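Written below as structure tokens is the structure these notes are about.
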Number of protein chains: 2
Amino acid sequence: MNVSGSQRATMLDVARLAGVSEKSVSRVVNREPHVSQKLRDKVEAAIAELGYVPDPAARSLAGVRSFTVGLWIDTRGLHYSMKLMEGAYEACRAHGYHLQVENLGSKIDDAAQVARLDNILRTSRLDGVIVTPLFSDNSAVMDFLESQGMPYARVSPFTHYGRAPAVFMDDAAAAGEVADLFVRNGHRFIGLVTGSPRHGAAVARRTGFLERIAIIAPDAVITEAEGNFAFEAGIAAGRQLLDVADRPTAIFATNDDSAAGVMTACAQLGLTVPDDVSICGFDDNLMAKSVWPYLTTVHQPIAELAQQAALLLIDRHADKRQTADVLLPHRLVERDTIRDLRTSEKVCRPAMGDDDA
Amino acid sequence: MNVSGSQRATMLDVARLAGVSEKSVSRVVNREPHVSQKLRDKVEAAIAELGYVPDPAARSLAGVRSFTVGLWIDTRGLHYSMKLMEGAYEACRAHGYHLQVENLGSKIDDAAQVARLDNILRTSRLDGVIVTPLFSDNSAVMDFLESQGMPYARVSPFTHYGRAPAVFMDDAAAAGEVADLFVRNGHRFIGLVTGSPRHGAAVARRTGFLERIAIIAPDAVITEAEGNFAFEAGIAAGRQLLDVADRPTAIFATNDDSAAGVMTACAQLGLTVPDDVSICGFDDNLMAKSVWPYLTTVHQPIAELAQQAALLLIDRHADKRQTADVLLPHRLVERDTIRDLRTSEKVCRPAMGDDDA
DNA sequence: ACGGCAATAGTCAGCGCTGTCAAGACAGCG
DNA sequence: CGCTGTCTTGACAGCGCTGACTATTGCCGT
């Protein structure tokens with residue numbers, strides 16, 4: 001492998017060194033069928049000797065593929081976006097693809113959004129696009145992509161199933177497990193901090209929780225407060241739920257940020273977590289371990305979702321097998337914010353340093 | 001502007017419609033000199049009519065430029081990385097450039113790192129690279145980039161000044177302002193939570209703080225504890241600092257995560273912020289408003305740093321004027337975690353809901 | 001032994017643009 | 001009026017690769 005310097009080797013250099021045609025090199029590089037082992041060996045040796053790497057620009061100009069997939073995100077969801085990027089990046093890197101991230105951030109009307117996307121597609125060659133919340137359910141975006149014949153994969157969609165390959169987790173089932181956890185620990189007076197009803201995940205989590213509770217503990221009393229997934233709103237929701245005479249013994253905040261808000265509300269009201277109030281979040285993001293005690297929450301496999309979505313797009317070309325939806329497993333991460341009412345003990349491992357404060 | 005469909009227009013289409021040569025279109029598109037106004041008008045009209053957008057792949061194949069800049073980050077610093085991305089992305093978008101983000105994440109030895117970078121450079125055409133902490137001070141990385149003749153800009157370097165254009169803020173001066181704030185509010189028993197001494201910013205903040213204190217309040221008593229910039233370490237450092245008889249009245253944690261940790265330590269020890277202990281962070285990241293009371297901290301203009309760095313790289317081609325280092329302003333954001341010892345009041349706006357708990 | 005067919009290898013045009021070179025237009029000057 | 005120098009425009013090759021096509025080989029059955 002030559003160490004940079006001079007000029008980078010081209011396919012022609014490899015072909016000459018191996019004593020074959022350029023096209024044969026191309027075939028080996030692209031793993032096309034109908035290539036003899038002997039020729040493949042010769043070419044691969046030459047490639048190794050020259051340290052040859054195909055030029056992406058030439059590849060995308062001459063061919064149909066661009067070896068680039070787009071990732072369309074809203075960077076306002078900091079942790080979420082970063083995890084998506086990590087996952088998509090990893091899948092691309094492993095397959096020699098490039099990732100082109102576009103921040104669709106600001107909420108503008110659909111027409112403007114589509115004009116923006118049109119511009120993105122015009123200025124870049126993409127093999128596919130990973131569409132993430134809250135665009136996963138935006139039919140203007142999907143219509144546009146389809147009108148352009150651009151392959152795309154959806155991360156965590158909640159509507160229009162089957163419209164394009166999707167990768168998701170089962171929010172409702174996960175929320176159901178939280179219900180199980182609460183009931184198992186003897187909680188019957190329960191608070192629920194919801195997200196915006198326009199947010200698919202928020203709705204699924206609420207519904208999944210409520211339905212499960214209705215089955216396993218029909219006698220449970222549930223009070224709801226809207227939290228819109230923000231820390232500050234979580235504080236308000238927490239106070240609303242807790243600053244009453246018959247306050248709940250456990251609160252399910254449907255994302256970690258609002259759960260942290262609820263914990264802050266507890267602190268403000270002089271309530272101890274989990275002794276006075278048990279709390280469960282959802283997402284397992286940075287916040288979950290930036291509060292004390294550490295938050296019991298549902299781990300959402302965000303990076304894996306994006307990774308699978310990228311793979312869906314990459315595989316379209318690699319082997320044209322029909323790609324189906326992918327359901328990824330979640331995991332209830334029991335940390336230190338749930339108390340077992342029946343034994344009067346906290347559940348799971350002891351909270352860090354909770355016995356010497 | 002034609003609405004997609006059909007084939008995307010090429011430079012030849014524009015040339016024919018305008019009745020000029022392809023090269024003339026190229027000249028107009030690239031704002032080359034020696035083009036008559038008349039010709040320019042004709043071409044621009046044709047471009048608008050066809051909705052022509054140059055093909056980036058063809059452009060980089062035929063020419064020297066790729067209209068792509070790389071951003072090398074370590075995504076473990078979630079908030080920081082995302083802000084860098086936002087800034088770099090914005091600068092690129094505004095100038096018709098693309099951003100190619102590479103996650104250099106895991107800490108491996110320099111040789112392996114360079115091999116990795118070599119691979120990145122081989123597989124992508126880049127006009128320049130934005131190098132960010134902790135790579136900004138890595139001379140193996142700089143040596144490599146220089147050996148490849150790849151232009152690069154450094155974000156927040158702390159050593160090797162002048163080696164390549166740099167964009168940074170004055171960490172030491174900002175830390176000095178925190179010292180001013182503490183002293184102005186009557187604090188003389190002060191705790192300092194440092195970061196790793198291998199982290200340039202950590203060192204600059206510590207030094208800047210200490211030097212300023214020495215000038216304005218030589219009688220002040222300062223206790224230090226290492227916090228390595230993590231929440232958990234902040235808790236430990238906080239306890240170490242506060243769980244003593246003569247505890248400090250104010251603590252400067254040199255980043256927000258460790259400041260949040262210190263706040264948690266206060267809660268664990270039954271101390272109230274800011275009544276018992278005043279706290280100041282550094283960064284103004286997500287944590288600063290995910291704790292209660294909201295954290296007084298120094299706002300670091302991360303997105304702007306990356307934006308300027310991108311601009312440095314882009315301008316190199318636009319107009320070849322010599323590019324110099326850029327110093328961006330910081331801002332002390334006074335929120336609710338500092339108490340004024342002289343008047344026995346908290347400084348700044350009242351903490352949210354602090355009078356009805 | 002021969003046609004037929006798959007597997008294998010090569011030829012060549014051209015993707016859409018830019019760099020180089022050269023030609024034409026035009027002004028200034030002796 | 002011819003000559004030089006500058007501005008403006010165009011012709012053309014080719015960046016590095018792939019897609020479509022053609023040529024060659026080896027193997028089969030009959």
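Numbers at a glance
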{"read-out": "Listed peptides B:124-135, A:131-142 by packing density, highest first (mean Cβ within 10 Å)", "value": "B:124-135, A:131-142"}
{"read-out": "Angle in degrees between helix A:171-184 and the longest Cα principal axis of chain A, rounded to the nearest 10", "value": "30 degrees"}
{"read-out": "Given charges at Cβ of Lys, Arg, Asp, Glu: chain A dipole, positive-most of A:GLY51, A:ILE314, A:PHE189", "value": "A:GLY51"}
{"read-out": "Trypsin sites (Lys or Arg not before Pro) within segment B:254-342: DSSP coil, no more than 14 neighbouring Cβ in 10 Å", "value": "B:LYS320, B:ARG321, B:ARG342"}
{"read-out": "Loop trypsin sites (Lys or Arg not before Pro), segment B:141-220 (other Cβ atoms within 10 Å of the site Cβ: 13 or fewer; DSSP)", "value": "B:ARG198"}
{"read-out": "Candidates A:SER81, A:SER21, A:SER60, ranked by Gaussian network fluctuation over chain A, Cα under 10 Å, top entry", "value": "A:SER21"}
{"read-out": "Degrees between helix B:78-94 axis and first principal axis of chain B (Cα, 0 to 90, nearest 10)", "value": "30 degrees"}
{"read-out": "Accessible surface buried upon B-A contact (total; probe 1.4 Å; Å², nearest 100)", "value": "4700 Å²"}
{"read-out": "Inter-copy spacing of B:GLN7 label points, which lie 7 Å from Cα along Cα→Cβ, given in nm from shortest upward", "value": "3.0"}
{"read-out": "Leading residue at positive end of dipole, the protein assembly as shown (Cβ point charges), from A:SER26, B:VAL326, B:ALA173", "value": "A:SER26"}
{"read-out": "Residue of A:ASP109, A:ASP243, A:ASP143 that the Gaussian network model of chain A assigns the largest fluctuation, springs spanning Cα pairs under 10 Å", "value": "A:ASP109"}
{"read-out": "Note, ³J(HN,Hα) from phi for segment A:41-58, Karplus 6.51, -1.76, 1.60, rounded to Hz, x at Gly and Pro", "value": "4, 4, 5, 5, 5, 5, 4, 5, 4, 8, x, 5, 9, x, 7, x, 5, 5"}
{"read-out": "Folded to 0 to 90 degrees: helix B:302-318 orientation relative to chain B principal axis, Cα", "value": "30 degrees"}
{"read-out": "Dipole magnitude of the protein assembly as shown about its Cα centre (Cβ charges: Lys, Arg +1; Asp, Glu -1), debye to nearest 20", "value": "2880 debye"}
{"read-out": "Beta bridges per DSSP with both ends in the protein assembly as shown, % antiparallel, nearest 5", "value": "15 percent"}
{"read-out": "Segment B:254-333-segment A:282-307 distance, computed between alpha-carbon centres (Å)", "value": "23 Å"}
{"read-out": "Antiparallel DSSP beta bridges within chain B, percent to nearest 5", "value": "15 percent"}
{"read-out": "Convex hull per residue volume in Å³, alpha carbons only, for segment A:1-140", "value": "146 Å³"}
{"read-out": "Copies compared at A:SER106 - label distances in nm, ascending, label defined 7 Å from Cα in the Cβ direction", "value": "4.0"}
{"read-out": "Dipole magnitude (debye, nearest 20) for chain A, charges at Cβ of Lys, Arg, Asp, Glu", "value": "1480 debye"}
{"read-out": "Top positive-direction residue, dipole computed over chain A with Cβ charges, set A:SER60, A:GLY128, A:SER81", "value": "A:SER60"}
{"read-out": "Among B:GLY70, B:GLY238, B:GLY51, residue whose mean-square fluctuation peaks in a GNM of chain B (springs only between Cα atoms under 10 Å)", "value": "B:GLY51"}
{"read-out": "Label distances, nm, A:ALA324 versus same residue in remaining copies, Cβ-directed 7 Å point", "value": "6.5"}
{"read-out": "Amide H partners (placed H, <5 Å) of A:LEU332, local residues excluded", "value": "A:HIS299"}
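The values are calculated or read from the model by the stated rules, or taken from the named source; none is laboratory data. Keep in mind that what you see is a predicted model, and the values were worked out from it rather than measured. As a convention, Cβ positions derive from the backbone with ideal geometry for all residues, glycine included, and neighbour counts pool all protein chains shown. What goes into the accessible areas is simple: the full protein's heavy atoms, side chains included, and nothing from ligands, DNA or RNA. Shrake-Rupley method; radii C 1.70, N 1.55, O 1.52, S 1.80 Å.
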